[in-house]
1. Looking only at segment 229-248, how many residues end up being more than 21 Å from Arg304 (Cβ to Cβ) and surrounded by 15 or more Cβ atoms within 10 Å (Cβ to Cβ)?
2. Only one of (1) in contact with a helix residue (DSSP H, G or I) (Cβ under 8 Å, 6 or more places away or on another chain); (2) surrounded by fewer than 22 Cβ atoms within 10 Å (Cβ to Cβ); (3) hydrophobic (A, V, I, L, M, F, W, C) is not met by Val108, so which one is it?
3. Would you be able to say whether some residue in segment 333-343 is closer than 18 Å to Ile248 by Cα, of a type in the set (Ser, Thr, Tyr) and over 17 Å from the mean Cα position of the chain (by Cα)?
4. For segment 214-225, check the following and say yes or no: at least one residue is over 17 Å from Ile301 (Cβ atoms) and among the β-branched types (Val, Ile, Thr).
5. Which one is surrounded by the fewest Cβ atoms within 10 Å (Cβ to Cβ) among residues in segment 111-145 that are of a type in the set (S, T, N, Q) and under 24 Å from Gly260 (Cα atoms)?
6. Name the strands (runs of 3 or more DSSP E) wholly inside segment 251-370 in which the number of residues that are aromatic (Phe, Trp, Tyr) and either without any contact (Cβ under 8 Å) to a residue 40 or more places away in the chain or buried (at least 21 other Cβ atoms within 10 Å of the Cβ) (or both) is 2 or more.
7. Select from segment 259-306 the residues that are modelled with pLDDT of 95 or more, touching a Leu at 6+ places or on another chain (Cβ under 7 Å) and small (Gly, Ala, Ser) and list them in ascending order.
Amino acid sequence: MLKTIGFIVNPIAGMGGAVGLKGTDGRTILNRAKALGAKPIASTRAKSFLTELEPIKESIRLIVGAGNLGEDEARSCGLNCTVLGTRKEETTAEDTKEIARKIQEAGVDLLVFCGGDGTARDIQSVVNTKLPVLGVPTGVKMHSAVFAVEPRAAARIVAEFLRGELALKEGEIMDVDENAFREGRVSAELYGYVLTPYEPHLIQGNKMASPTTESEMQNQAAIAIYVIENMKSDIVYIVGPGTTTRIIGDLLDAKKTLLGVDLFFNKELIASDVNEEQILEKIKGKTAQIIVTPIGGQGFIFGRGNQQISPEVIRQVGLDNIIVIATEGKLRSLKSLRVDTGDPSIDDAFREHYLRVITDYNIGRIIRVE
């Protein structure tokens, strides 16, 4: 029997990532992202998901949003689909909600969307727990527990769920205040729940905040001291966001941004809150290293909140020049590290490696990458 999948793409999701805007909520920020040279990424992520449905395409029926809300991607992948709504050049959150309503009324087995936390909020406001929902990670902020770890994993979840192999679980819909986020403050709020297929290895968990205990802070300081002592001359250090990485800046008497990417050279801060273009410019013709810390509870070192460190940046730096740091407390919540750079070839290259994670002064652990 045919199974029916509703499919919605938020065409502007994720555009603020590489240009360092930490989201694209609102027309003003979208225009700013475009002015900085932001390129749409949602369509590519959507096609990556849809292409992986090839083995089951004869057993599914797609209901999609018109135009760039899902129709274009489905047709480009050779998938037959029923189209809802009207094609528009520019879409809004209201368009997403309207398509979600129509998909719900049409009756589907599963609603899949490509977007971030803002899109998840829009979907949740319409469907609540009335039908199963799965997110293909496409945004900058992805704190909600309804996203697959990457587009290809989303397709695997869909196939397993439609075969009756996965149970449903309530997933939290979280979002942060983007304006506060750009100012270095995380103001997260729970907006509700949706039902989502549960596969613990393929669905990302909620982001967990770092504890502020004395032992945790001492651990962070010890890691930072070790990293600083081992910084080499004439190397550009690309330092990602996070409380653990921020301590590096504190000990160098530099004001490192909490939620941005910053550049250090000869132990001096040379650029703050940079975007992809600025990073590539600064490392051109130089040796560089990347310092990142995994997201608590999720394990992502690339692809969540640090899209400025793009596939091209990683390619220029090289996988052997990546330094991962994390406290023992953070690692206790993680079984592995994860990557979702947007470039499957780079993601696969990471998955062929085990990475050493610095966990204290001159202490490290080897962790696999999924």
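1. Counting residues in segment 229-248 that are more than 21 Å from Arg304 (Cβ to Cβ) and surrounded by 15 or more Cβ atoms within 10 Å (Cβ to Cβ) gives 3.
2. (1)
3. No, segment 333-343 contains no residue that is closer than 18 Å to Ile248 by Cα, of a type in the set (Ser, Thr, Tyr) and over 17 Å from the mean Cα position of the chain (by Cα).
4. Looking through segment 214-225, at least one residue is over 17 Å from Ile301 (Cβ atoms) and among the β-branched types (Val, Ile, Thr).
5. Looking at residues that are of a type in the set (S, T, N, Q) and under 24 Å from Gly260 (Cα atoms), I get Thr119.
6. Strands (runs of 3 or more DSSP E) meeting the threshold: 262-265, 300-302.
7. Scanning segment 259-306 gives a single hit, Ala271.
Listed here are the residues, each with its yes/no results for (1) surrounded by fewer than 22 Cβ atoms within 10 Å (Cβ to Cβ); (2) modelled with pLDDT of 95 or more; (3) closer than 23 Å to Leu162 by Cβ; (4) in contact with a strand residue (DSSP E or B) (Cβ under 6 Å, 6 or more places away or on another chain).
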residue: Ile12; (1), (2), (3), (4): no, no, no, no
residue: Leu21; (1), (2), (3), (4): no, no, no, no
residue: Gly26; (1), (2), (3), (4): yes, no, no, no
residue: Leu30; (1), (2), (3), (4): yes, no, no, no
residue: Thr44; (1), (2), (3), (4): yes, no, no, no
residue: Phe49; (1), (2), (3), (4): no, yes, yes, yes
residue: Ser76; (1), (2), (3), (4): yes, yes, yes, no
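The values are calculated or read from the model by the stated rules, or taken from the named source; none is laboratory data. Quantities reported herein were computed from a predicted structural model and do not represent experimental measurements. Please note: Cβ atoms are built from the backbone with ideal geometry, for glycine as well, and neighbour counts cover all protein chains shown.
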